[in-house]
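Okay, so here's the structure we're looking at.
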Amino acid sequence: MALEEMFTILKKVLDVGILWFILYYILKYIKNNVKLTLIFKGVLIIILLKLLSDWLDLNTVGMLLEYVIESVPIAIIVLFQPEIRNVLESIGRTQLLGRHKVLSVDEREKVVYEIMQAVEYMKRNRIGALIVIERDYSLNQYIENANKIYADISSELLISIFFPNNPLHDGAVIVQGDRITCAGSILPTSMNSQLSKRLGTRHRAALGIAEVGDAVAICVSEETGRISIAMDGELNYNLTLEDARMMLISSLQPKKDTFFDADLDLQEEKEVNENEEQKEN
């Protein structure tokens, strides 16, 4: 009897856990996508109006809203096929075992240093650039049709790729872990109507890739030399070199939702202590 009760409890816990997992990812994708946010707000308003009409005994309004609610799922599927497809694609691109590679402290510092060295040079010389760093969501879809490089990251290589008249300078560079995977990648552009019309295709592509996943996109304007970083569905425009560097460091930190956080923290602390001891010696 005790085993049956325990099995029943485990099934309920599993049921709640699966539901929580689904809701978590739905809300996560809604947060990072402007159009899905508008859809969610619209559906929420309709439901609140239905509850209000029932409370006030507004039978006619309630009946109309009931018909609307019944047809909402079909209407959403028909009207918002691209957004739904993007969500499903994002779920399919999710790497369940974490990011492409968990970088050590030294590797993260090297990635940030090399990118910022290249960004500083391109900002000073007004060379347009778009560098995308993969995090948890796979970017293989945008790597397939790009020019494969698979080289260790370096500021010299990044500068040469984006140098004017280089055949690859118009596309995006994708970084996986501490390596440059490809160049000349074509990214989806954002359809956000609130984005300034002064911003060009690079900025829209940077925001576009940040809206459909969790990638970090660093953009250097060819006209003004200004630095922008798109992440978590938002575009941070006209950043200083120090602000951009701090954002990159923060974005590359290992997430705290893995089972190995304690081990990672101990390993990082150990590496930091070893680096400090080497510097003192």
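The values are calculated or read from the model by the stated rules, or taken from the named source; none is laboratory data. This structure is a prediction, so every number in the text was calculated from the model and none was measured. Here the Cβ is made from the backbone with ideal geometry for all residues, glycine too, and neighbour counts use every protein chain on show.
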Q.
Looking at segment 217-226, can you tell me whether even one residue there is free of Cβ contacts under 8 Å to residues at least 60 places away in the same chain and in the same structural domain as VAL119 (by TED's automatic domain parsing)?
A. no
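Output the residues belonging to segment 117-128 that are outside any loop (DSSP other than H, G, I, E, B) and either touching a residue at least 40 places away in the same chain (Cβ under 8 Å) or not assigned by TED's automatic domain parsing to the domain that holds ALA215 (or both). Talk me through it step by step, then tell me what you get.
Filtering segment 117-128 down to residues outside any loop (DSSP other than H, G, I, E, B) leaves 117-124.
If the condition is that a residue be outside any loop (DSSP other than H, G, I, E, B) and either touching a residue at least 40 places away in the same chain (Cβ under 8 Å) or not assigned by TED's automatic domain parsing to the domain that holds ALA215 (or both), then ALA118, VAL119, GLU120, MET122, LYS123, ARG124 are the ones that fit.
Condition test on TRP20, is it closer than 26 Å to GLU211 by Cα, at pLDDT 75 or above and of a type in the set (Phe, Trp, Tyr)?
Yes: the conditions hold for TRP20.
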Q.
What's the number of the only condition in (1) at pLDDT 85 or above; (2) of a type in the set (Lys, Arg); (3) not assigned by TED's automatic domain parsing to the domain that holds GLN117 that ARG245 fails to meet?
A. (3)
Q.
What are the pairs with Cβ atoms under 6 angstrom where one residue, in segment 34-57, is within 29 Å of THR189 (Cα to Cα) and modelled with pLDDT under 80 and the other, located anywhere, is among the charged types (D, E, K, R) and assigned to a helix (DSSP H, G or I)? Sequence gap at least six, or different chains.
A. LYS35/GLU83; LEU36/GLU83
Q.
Quick check on my filter: what residues within segment 183-207 are among the small types (Gly, Ala, Ser) and surrounded by fewer than 23 Cβ atoms within 10 Å (Cβ to Cβ)?
A. GLY184, SER193, SER196, GLY200
Q) If we keep just the residues of segment 248-276 that are exposed (fewer than 12 other Cβ atoms within 10 Å of the Cβ) and among the small types (Gly, Ala, Ser), which is modelled with the highest pLDDT? A) SER250
Q. Can we say ILE131 is within 30 Å of ASP170 (Cα to Cα), assigned to a helix (DSSP H, G or I), in contact with a strand residue (DSSP E or B) (Cβ under 7 Å, 6 or more places away or on another chain) and modelled with pLDDT of 90 or more?
A. no
